[in-house]
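Here's the structure we're looking at; comments come further down.
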Amino acid sequence: MSDRNEWVVDAKDLTRVYQMGEIEVRALRGVSVQIARSEVVAIMGPSGSGKSTLMNILGCLDRPTDGQYTLDGESVSTLNDDQLSTIRNRKVGFVFQSFNLLPRITAEANVLLPLRYSGHYNGDSKEKARAALEAVGLGERIHHRPNELSGGQQQRVAIARALVTDPAIILADEPTGALDSKSGQEIMDIMLNLNREHGTTVIFVTHDPKIAELTQRVIRILDGRIEETA
């Protein structure tokens, strides 16, 4: 099996150094991570461990100071901002704790945004958006605005928005953090079901052990290094 088929995420010896005035902060210190296609993984670590920095690099929001990162067969560690943005729009779906929906437009219009941003909006786009909303159980809410939806329903819209471009990975940053336990469980059920039915690769960035328990593998990071993976 080739690397392209086996690993959707292949990161080797990633370092990330920030300059804070005269102080050099080493957020990542030689991190190597491989995630297989269709895998469900949790990245865990305390505040300041480097997990957000790692998420930003894996999601093409940032680039490493040193090291190699290949996403879905494409080397992305040395791309400029515009190139990173193009890859990010095509290959990464994001689900954040705070939903990040535009309040004045409908669920369908929110889901269509990534297709508009990436220049892939066409005659099939509304059908794709509706299919994504149906996949998360919101087929009857496509014309509702965020303030007409519960928190759990808003997060479902965010998941549909992440899905609509058929990304290589979905990065979920504390996706249940703003929800009550029942809604949070429903969101986890939806994301795990997407993995089972469609083979979606899902990476949870979380401090919640209940989320980690539901994944196939946990990658723990501490002080900018991988502590263990199990």
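The values are calculated or read from the model by the stated rules, or taken from the named source; none is laboratory data. Values in this document were obtained by computation on a predicted structure and should not be read as measured data. All Cβ positions, even for glycine, are placed from backbone atoms using ideal geometry, and neighbour counts span all protein chains on display.
Surrounded by 15 or more Cβ atoms within 10 Å (Cβ to Cβ), in contact with a Leu (Cβ under 7 Å, 6 or more places away or on another chain) and not in a strand (DSSP E or B): does that describe Ile57?
yes
Quick grid of which residues meet (1) surrounded by 15 or more Cβ atoms within 10 Å (Cβ to Cβ); (2) of a type in the set (Gly, Ala, Ser); (3) more than 20 Å from Gly177 (Cα to Cα); (4) in contact with a Cys (Cβ under 8 Å, 6 or more places away or on another chain):
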residue	(1), (2), (3), (4)
Ile190	yes, no, no, no
Asn195	yes, no, yes, no
Gly199	no, yes, yes, no
Val202	yes, no, no, no
Thr206	yes, no, no, no
Ile211	yes, no, no, no
Ile219	yes, no, no, no
Leu222	yes, no, yes, no
Glu227	no, no, yes, no
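Identify, by number, the condition in (1) more than 13 Å from the chain's Cα centre (by Cα); (2) touching a residue at least 60 places away in the same chain (Cβ under 8 Å); (3) on the phi > 0 side of the Ramachandran plot that Phe99 doesn't meet.
Answer for Phe99: the failing condition is (1).
Rundown of residues vs (1) touching a residue at least 40 places away in the same chain (Cβ under 8 Å); (2) among the hydrophobic types (A, V, I, L, M, F, W, C), yes/no style:
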| site | (1), (2) |
| --- | --- |
| Thr15 | yes, no |
| Val25 | no, yes |
| Met55 | yes, yes |
| Leu58 | yes, yes |
| Tyr69 | yes, no |
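If you check Ala107 against the conditions, is it over 30 Å from Leu54 (Cβ atoms), surrounded by 15 or more Cβ atoms within 10 Å (Cβ to Cβ), under 19 Å from the mean Cα position of the chain (by Cα) and of a type outside the set (Asp, Glu)?
no
Scan the stretch 23-49 for residues that are buried (at least 21 other Cβ atoms within 10 Å of the Cβ), over 19 Å from Pro209 (Cβ atoms) and either under 18 Å from the mean Cα position of the chain (by Cα) or modelled with pLDDT under 95 (or both) and jot them down.
Val33, Ile35
Take Ile170 and decide whether it is among the β-branched types (Val, Ile, Thr), under 27 Å from Lys128 (Cβ atoms) and surrounded by fewer than 23 Cβ atoms within 10 Å (Cβ to Cβ).
No.
State whether the residues of the stretch 170-182 include one that is of a type outside the set (Asp, Glu), at pLDDT 95 or above and within 21 Å of Glu6 (Cα to Cα).
yes
Where residues in the stretch 103-133 are in contact (Cβ under 8 Å) with a residue 24 or more places away in the chain and in a loop (DSSP other than H, G, I, E, B), which of them is farthest from Gly177 (Cα to Cα)?
Selected residue: His120.
With the requirement that a residue be hydroxyl-bearing (Ser, Thr, Tyr) and out of contact with any Lys or Arg (no Cβ under 9 Å at 6 or more places or on another chain), what does the stretch 60-119 give you? Show your work before the answer.
Let us first name the residues in the stretch 60-119 that are hydroxyl-bearing (Ser, Thr, Tyr), namely 65, 69-70, 75, 77-78, 85-86, 98, 106, 117-118.
Scanning the stretch 60-119 gives Ser75, Ser85, Thr86, Ser98, Tyr117.
Just checking: which of the strands (runs of 3 or more DSSP E) contained wholly in the stretch 143-230 hold 1 or more residues that are without any contact (Cβ under 8 Å) to a residue 60 or more places away in the chain?
Qualifying strands (runs of 3 or more DSSP E): 225-229.
If you check Arg156, Arg130, which single one turns out to be under 20 Å from the mean Cα position of the chain (by Cα), buried (at least 16 other Cβ atoms within 10 Å of the Cβ) and among the basic types (Lys, Arg)?
Values: Arg130 fails: under 20 Å from the mean Cα position of the chain (by Cα).
It is Arg156.
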